[in-house]
Amino acid sequence: MSNVVSLGDMEEESPDYEVKLLYPTQCLLGEGRSSQGSAFVKRVLLNRLLGPLYEPQTSTLHFVDIIKHQILHYNAVNHEITIDQFDKPISCLAFRTNGIGFAVAAEGGFAIVEYENNLPCLKYIAEPLPEEQQPYTRFNDGACDPRGRFLAGTLFHKEEPHFNGSLYSYDPETKECKLLDNQDITDSNGLGWSPDGKTLYFTDSFHNHIYAYDYDVDTGNISNRRIFVDALAQGLSSETFCDGLCFDDEGGLWSARWNGSCIARFRSDGTLDFTIRIPGALHVTACTFGGPDNDLLYVTTARCGVIPGSGEPAQQEQYPNSGDLFVVDLKGRFHGGIWRYKFGG
């Protein structure tokens, strides 16, 4: 059975592939159930997952668990998992041009993860959060621009003291960390660039918007913020929210839907193309392309009831695959694009 969700007149045609659920592999952190069929969405493990980053040289998918303060590494060839444990949350990853390990957005800012005696070590390089905000927020999703700057956003705080989410940039060449935008932003989420680097896309989750900015690659400055995707205006439920994103090589934007059990693909003009249902998972958090032909879509999800806004723990019984890692076989129809880059330090 196809898991593509038709959206009536907004969907010009159904894609020429199907999304199917494969057998579950051995779980690392728990047991779960999955449907069988002629199908190809594959559950890999149970966790609170997001921020996937695929490394083609080693066929490894790297991703994070914010709740458990972990970076996880899934080898797509032998299906082995290794875990790096930290004391504080890490929310997104970037490869580095000048060293091993990762650049990351961590709880308080931008940091480097290096390995000393095979043990992971987190070293902050910039902590820009104002002191009065530090008890109430953290950094969330982010990515690096074509010049190696790291952009990442924070979460808003709707209670007292109220403050907006913010988008920051760190330049490893100048060591400058600057605030790019904090105007009426809720929870910052997935971001990336157009192929020419001149447009930045940035997700504002609770407004259900994906913004576009004019982006100056030479200076790292942004301007002309406008709404690229208004999810509710295009018929998506007000009870579901834009989360992490990635791009294909046709300019399509793939946006995970928190509380929506799906990934939505938007065309290069921002109009909704179709959605792909992720079976048995309520909170779909992020996605990225990978695999030998760059046509597999890896999808992360979150367990129900583990953080405020993630529903009740009892919903986990209704959505038993929430918190699992999935892979969608796109059968060559779509391939990953270039939309994020290595950190320049």
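The values are calculated or read from the model by the stated rules, or taken from the named source; none is laboratory data. From a predicted model like this one, the values you see are computed outputs, not experimental measurements. Reconstructed Cβ throughout: ideal geometry from the backbone, glycine too, with neighbour counts over all protein chains shown. Accessible surface is based on the protein model in full, side chains and every heavy atom, while ligands, DNA and RNA are left aside. Shrake-Rupley method; radii C 1.70, N 1.55, O 1.52, S 1.80 Å.
Data overview
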{"item": "Residue match in region 226-233 (condition: part of a loop (DSSP other than H, G, I, E, B) and open to solvent by 10 Å² or more (accessible area, probe 1.4 Å))", "result": "no"}
{"item": "Among the candidates Pro128, Pro89, Pro146, residue that is touching a residue at least 40 places away in the same chain (Cβ under 8 Å) and farther than 27 Å from Phe163 by Cα", "result": "Pro146"}
{"item": "Cross-chain or 6+ apart pairs with Cβ under 7 Å, region 304-332 first and farther than 19 Å from Ile263 by Cα, then open to solvent by 30 Å² or more (accessible area, probe 1.4 Å) and modelled with pLDDT of 85 or more", "result": "Gly305/Gln315; Val306/Ile67; Ile307/Ile67; Gln316/Arg303"}
{"item": "Strands (runs of 3 or more DSSP E) contained entirely in region 57-117, each with at least 3 residues that are surrounded by fewer than 19 Cβ atoms within 10 Å (Cβ to Cβ)", "result": "81-85, 109-116"}
{"item": "Filtered residue count, region 315-345, keeping only those that are more than 19 Å from the chain's Cα centre (by Cα) and closer than 30 Å to Lys123 by Cα", "result": "2"}
{"item": "Residues of region 328-345 satisfying the condition of being modelled with pLDDT under 90 and either open to solvent by less than 20 Å² (accessible area, probe 1.4 Å) or of a type in the set (Ser, Thr, Tyr) (or both)", "result": "Leu330"}
{"item": "Lone unmet requirement of (1) under 15 Å from the mean Cα position of the chain (by Cα); (2) within 27 Å of Ile81 (Cβ to Cβ); (3) at pLDDT 90 or above for Ile276", "result": "(1)"}
{"item": "Residue check, Asn140 polar (S, T, N, Q), under 14 Å from Phe150 (Cα atoms) and touching a strand residue (DSSP E or B) at 6+ places or on another chain (Cβ under 8 Å)", "result": "yes"}
{"item": "Residue that is surrounded by the most Cβ atoms within 10 Å (Cβ to Cβ), among those in region 279-290 that are touching a residue at least 60 places away in the same chain (Cβ under 8 Å) and within 15 Å of the chain's Cα centre (by Cα)", "result": "Ala286"}
{"item": "Given (1) out of contact with any Cys (no Cβ under 8 Å at 6 or more places or on another chain); (2) without any contact (Cβ under 8 Å) to a residue 60 or more places away in the chain, number of the condition Asp204 does not satisfy", "result": "(1)"}
{"item": "Some residue of region 249-259 being charged (D, E, K, R) and crowded, with 20+ Cβ neighbours inside 10 Å", "result": "yes"}
{"item": "Any hit, region 268-278, residues being open to solvent by 30 Å² or more (accessible area, probe 1.4 Å) and of a type in the set (A, V, I, L, M)", "result": "no"}
